[in-house]
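Engineer: One structure, pasted below without further comment.
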Amino acid sequence: MEYQRITEENSLYRHLETWKVEDMLAAMNREDKTVPQAIEQVLPSISAFVQATSDRMLAGGRLFYVGAGTSGRLGILDASECPPTYGVPPTLIIGIIAGGPKAIQQAVENAEDNEGQAWKDMAKFSPGKQDTILGIAASGSTPYVIGALKKAKENGMLTGSLSCNPGSPVSSYAEFPIECVVGPEFITGSTRMKSGTAQKLILNMISTSLMILLGRVEDNKMVNMQLTNKKLIDRGVKMIMEQTGLKEYELAKDALLKYGSVKNAMQSLSVDI
């Protein structure tokens, strides 16, 4: 398929500086509504990537998200939310961004153009054949991401990509390409908008599905979440009470704090009750 940089095409919306605020917001909202439909078209591609990745992770592998700019930040966000939500180690899903930690908050000049740097950044984590990489690039042409996919493939890793242009270059370096084409942005080329929204939703789907397949969810409950604040402790207590039929809040809370997770507390209470 010929590469089309649709994300850079002129928007249908012109002379925005003359618009009323309510009209701007209505148009943005109208565009955002098209994102779930675009994702629906690539569900088979997402499913194939999740299935292949889960097989490796069940065998001890890890998942690397690699991106630049908004794409890199979204990968780091998704990776960083898995440990507290599902109780997994922070090294299970690793987010890598062009320019390093500084780039999470500030743009780092030319970082995304360095094709050789991504593998150097990944090398700190000793990637191996059991691991998986998802290269994230809205444009589908980011050299940093392409370089990571090339080296990952050479080293026997499972490779996937997530882009928002059809026939994008990153897809040619991935065994499991995902191309979610959301069309021109409200502001021409501003892929932090629809493209970023699509990437966020897809990353949510990937990591959540993986956590379920890895046994970190029971029923529809986050039974391995970290107890990092009062809200989560209260949520955990209520999960225990609902699942075990226990009526005493304080007894459930004592068990939760003693055993450190909803899952462990429920196992203990099922024996003790």
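The values are calculated or read from the model by the stated rules, or taken from the named source; none is laboratory data. Keep in mind that this is a model prediction, so the values were computed, not measured. Counting neighbours? That spans all protein chains shown, and the Cβs are built from the backbone with ideal geometry, glycine included.
Engineer: Of all the residues that make up region 131-146, how many are outside any loop (DSSP other than H, G, I, E, B) and under 14 Å from I94 (Cα atoms)?
Structural biologist: In the first step, residues of region 131-146 are kept if they are outside any loop (DSSP other than H, G, I, E, B); the result is 132-136, 143-146.
Subset that is under 14 Å from I94 (Cα atoms): 132-136.
Number of matching residues: 5.
Engineer: Something else about it: Tell me which of these I94 doesn't satisfy, since it passes every other one: (1) of a type in the set (A, V, I, L, M, F, W, C); (2) surrounded by 19 or more Cβ atoms within 10 Å (Cβ to Cβ); (3) in contact (Cβ under 8 Å) with a residue 60 or more places away in the chain.
Structural biologist: Looking at each condition in turn, I94 falls short on (3).
One line per residue, one yes/no per condition, for (1) touching a Phe, Trp or Tyr at 6+ places or on another chain (Cβ under 8 Å); (2) surrounded by fewer than 24 Cβ atoms within 10 Å (Cβ to Cβ); (3) assigned to a loop (DSSP other than H, G, I, E, B):
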position	(1), (2), (3)
A152	yes, no, no
G156	no, yes, yes
G160	yes, no, no
S172	no, yes, no
V181	no, yes, yes
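Engineer: Counting only residues that are assigned to a helix (DSSP H, G or I) and more than 27 Å from the chain's Cα centre (by Cα), which one in region 1-28 is farthest from I187 (Cα to Cα)? Quick ask: steps written out before the conclusion?
Structural biologist: As a first pass, look at region 1-28 and keep what is assigned to a helix (DSSP H, G or I): 6-8, 16-18, 21-28.
With the extra rule that they be more than 27 Å from the chain's Cα centre (by Cα), the set shrinks to 16-18, 21-24, 26.
Details: L16: 9, E17: 11, T18: 14, V21: 15, E22: 16, D23: 14, M24: 11, A26: 14 Å.
Result: E22.
Let's see how each residue does on (1) under 18 Å from S190 (Cα atoms); (2) without any contact (Cβ under 8 Å) to a residue 12 or more places away in the chain; (3) assigned by TED's automatic domain parsing to the domain that holds Y65; (4) more than 19 Å from the chain's Cα centre (by Cα):
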| site | (1), (2), (3), (4) |
| --- | --- |
| E115 | no, no, yes, yes |
| M122 | no, no, yes, no |
| K129 | no, no, yes, yes |
| A138 | yes, no, yes, no |
| K153 | no, no, yes, yes |
| M157 | no, no, yes, no |
| G160 | no, no, yes, no |
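Engineer: Something else: Is region 161-175 home to any residue that is among the aromatic types (F, W, Y) and farther than 21 Å from S47 by Cα? Don't jump to the end; show me each part of the working.
Structural biologist: Here is the first cut: in region 161-175, the ones among the aromatic types (F, W, Y) are 173.
Now restrict to residues that are farther than 21 Å from S47 by Cα: none.
No: region 161-175 contains no residue that is among the aromatic types (F, W, Y) and farther than 21 Å from S47 by Cα.
Engineer: Would you mention how many residues in region 119-169 are closer than 20 Å to L74 by Cβ and among the basic types (K, R)?
Structural biologist: Total satisfying the criteria: 0.
Engineer: Out of region 41-75, which residues are charged (D, E, K, R) and either within 21 Å of A137 (Cβ to Cβ) or touching a strand residue (DSSP E or B) at 6+ places or on another chain (Cβ under 8 Å) (or both)? Steps first, please.
Structural biologist: Step one: filter region 41-75 for residues charged (D, E, K, R), giving 55-56, 62, 73.
Residues satisfying the conditions are R56, R62, R73.
Engineer: Let me ask something else about it. Find the residue count for region 110-130, including only residues that are surrounded by 15 or more Cβ atoms within 10 Å (Cβ to Cβ), outside any loop (DSSP other than H, G, I, E, B) and either modelled with pLDDT under 95 or aliphatic (A, V, I, L, M) (or both).
Structural biologist: Going through region 110-130 one residue at a time, the tally reaches 4.
Engineer: Another question, if that's okay. Does any residue of region 79-94 turn out to be at positive phi and modelled with pLDDT under 95? Working first, answer last.
Structural biologist: Kept after step one, since they are at positive phi, are these residues of region 79-94: 87.
From the residues that got through so far, the ones that are modelled with pLDDT under 95 too are 87.
Yes, region 79-94 has at least one match.
Engineer: Something else about it: Taking V42 as meeting all but one of (1) touching a residue at least 24 places away in the same chain (Cβ under 8 Å); (2) under 28 Å from A107 (Cα atoms); (3) out of contact with any Phe, Trp or Tyr (no Cβ under 6 Å at 6 or more places or on another chain), write down the number of the exception.
Structural biologist: Unmet condition: (2).
Engineer: Would you confirm, using the coordinates I've provided, whether E31 is crowded, with 19+ Cβ neighbours inside 10 Å, part of a helix (DSSP H, G or I) and either acidic (D, E) or in contact with a His (Cβ under 7 Å, 6 or more places away or on another chain) (or both)?
Structural biologist: Numbers: crowded, with 19+ Cβ neighbours inside 10 Å: yes; part of a helix (DSSP H, G or I): yes; either acidic (D, E) or in contact with a His (Cβ under 7 Å, 6 or more places away or on another chain) (or both): yes.
It is true that E31 is crowded, with 19+ Cβ neighbours inside 10 Å, part of a helix (DSSP H, G or I) and either acidic (D, E) or in contact with a His (Cβ under 7 Å, 6 or more places away or on another chain) (or both).
Engineer: List the pairs whose first member sits in region 236-259 and is of a type in the set (D, E, K, R), whose second member is part of a helix (DSSP H, G or I), and whose Cβ atoms are under 6 Å apart, counting only residues at least 6 apart or on separate chains?
Structural biologist: K253/V237
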